[in-house]
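The block underneath contains the structure these notes are about, expressed in structure tokens.
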Amino acid sequence: MKTTKLALLLALPALLLAPATAPAVPAKFFGIAPQTALGDTDTAYMKAARIGSVRWPVNWATVQPTPGGAYDWSSVDAGVDAARRRGLHVLPFLYGVPSWISPKPTKLPIDNARARNAWKAFVRAAVQRYAARGVHTYQVWNEANFFYFAFPVSTGRYARLLKLTKPVIERADRRAEIVLSGLFGDPDEGGRRGMDAADFLAGLYRVRGIARYFDAVALHPYAFRVADLKELVEEMRRVVVANRDRGARMYVTEMGWGSENNVRKVAFEQGIKGQVRQLRGAYRYLLRKRGKLNLKGAYWFSWKDVQGDCNFCDSVGLFREGIGFSPKPAWKALVAITGGRARP
């Protein structure tokens, strides 16, 4: 008995100093934001790796390309169903405007009754369809603080969209969690074209009563280095706390670095070793601080490389482009963090 007590006392300092390990973290915390189609083999790799979440686009313009036409969910169903068959959590983000509403797909659908009613009908149909498949978390728009997805950038306009959307989601799914648009951390644009994430969130909170219209905030902290990511994340949390909304959850719904060694082209490309280094540093920080940040999930962008989508999409994947599965060193690094397996 004395020997056992002595051993425990000697071990106690090491236990107190040890960092939180991946097995203590819900698999749902680790997510992927794919930029390519998903099938059963993709989700089998995710499940084996102890990745528990997939973020999936639901683009209104694709789902309903003609006025009053039937909804075509084929661009959504395959990915959602592949994920749900493996028991993965799905986070759909609802966005986009069809050309019969506006020639500009980035113009939020709030300016006339036709746009508002059609948006609400689309949201209702999407939530009813995917709640029946076990989906209960929904993200309203994508990068609403950046002209690439929303123009003009305006906290007031986005607040109006939230106020339109939340009641529709909640009536269709009483279990729903509503997540704000993932905000681009530092879009390097100003005025109507862009606003830093923390500034946008602070402006949103200035809309009276707006905190009632969402459950969680979301960030896309694309950054040159992990130190910059930390600053973006913590600044976001400070805004939440300063607005007496401490209970609001946080998600990092996109983050990533490319494996090409071309920093002059885009700062997010760090080379093969740099991609590994930044991935490890980002996840170690987020796991260590997840309690303080009330952080519920972190999604890596992206699953596989793809050409021609964005200026670093060709190298940001954990796997190389193609129908096969050719992993990069970053994949093994992530699996080591999740505590899973590299292959099904």
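Bear in mind that the values in this text are calculations on the coordinates, not laboratory data. These numbers come from a predicted model, not from an experiment. Positions of Cβ are backbone-derived with ideal geometry, glycine not excepted, and every protein chain shown enters the neighbour counts.
In the neighborhood of residue 245, defined by Cβ-to-Cβ distances under 11 Å, what is the net charge if each Lys or Arg adds +1 and each Asp or Glu adds -1? All intermediate terms of the calculation are to be shown ahead of the outcome.
Values: positive: 212, 237, 244, 246, 249; negative: 215.
Within the 11 Å Cβ shell, the charges total +4.
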Express as a percent, rounded to the nearest 5, the fraction of DSSP beta bridges in the range 25-338 (both residues included) that run antiparallel.
5
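Around residue 160, under 11 Å between beta carbons, what's the net of Lys plus Arg minus Asp minus Glu among the other residues? List each step's numbers first, then the result.
Working: positive: 116, 157, 163; negative: 111.
That works out to +2.
Cα-Cα pairs above 36 Å in the chain: how many percent?
On the way: 11475 of 58996 pairs.
In whole percent, the share of Cα-Cα pairs in the chain beyond 36 Å is 19.
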I need the peptides 100-113, 154-167, 133-146 ranked by packing, meaning the mean over residues of other C-beta atoms within 10 angstrom, with the highest value on top.
133-146, 154-167, 100-113
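Count the DSSP beta bridges whose two residues both fall in the range 211-333, then state the antiparallel fraction as a percent rounded to the nearest 5. List each step's numbers first, then the result.
Values: 1 of 11 bridges.
Within the range 211-333, antiparallel bridges account for around 10 percent of the total.
Among all helices in the chain defined by DSSP H, which have a length of 18 Å or more along the axis from Cα atoms plus a Kyte-Doolittle mean of at least -0.5?
Numbers: long enough: 2-17 (24 Å, 1.56); 113-131 (26 Å, -0.38); 155-172 (26 Å, -0.32); 226-242 (24 Å, 0.42); 271-293 (31 Å, -0.86).
Within the chain the helices that satisfy the rule are 2-17, 113-131, 155-172, 226-242.
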At a Cα cut-off below 16 Å, give the lysines reachable from residue 332, other chains included and same-chain residues fewer than 8 away excluded.
47, 273, 304
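I need the chymotrypsin sites (Phe, Trp or Tyr not before Pro) found in the range 228-270, filtered to DSSP loop residues with at most 12 other beta carbons within 10 Å of theirs.
Working: sites: 251, 257, 268; in loops: 257, 268.
Listed in order of number, the matching sites amount to none.
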How large is Rg/Rh for the range 35-104, to two decimals, with Cα atoms and a Kirkwood Rh?
1.08
Kindly rank 171-180, 56-65, 192-201, 297-306 from highest to lowest mean number of other beta carbons found within 10 Å of each residue.
297-306, 192-201, 56-65, 171-180
Under 23 Å between alpha carbons, and skipping anything fewer than 8 positions from residue 163 in its own chain: which lysines qualify?
104, 107, 120
Restricting things to alpha carbons, tell me how big the range 229-344 is in terms of Rg and Dmax, in Å.
15.5, 48
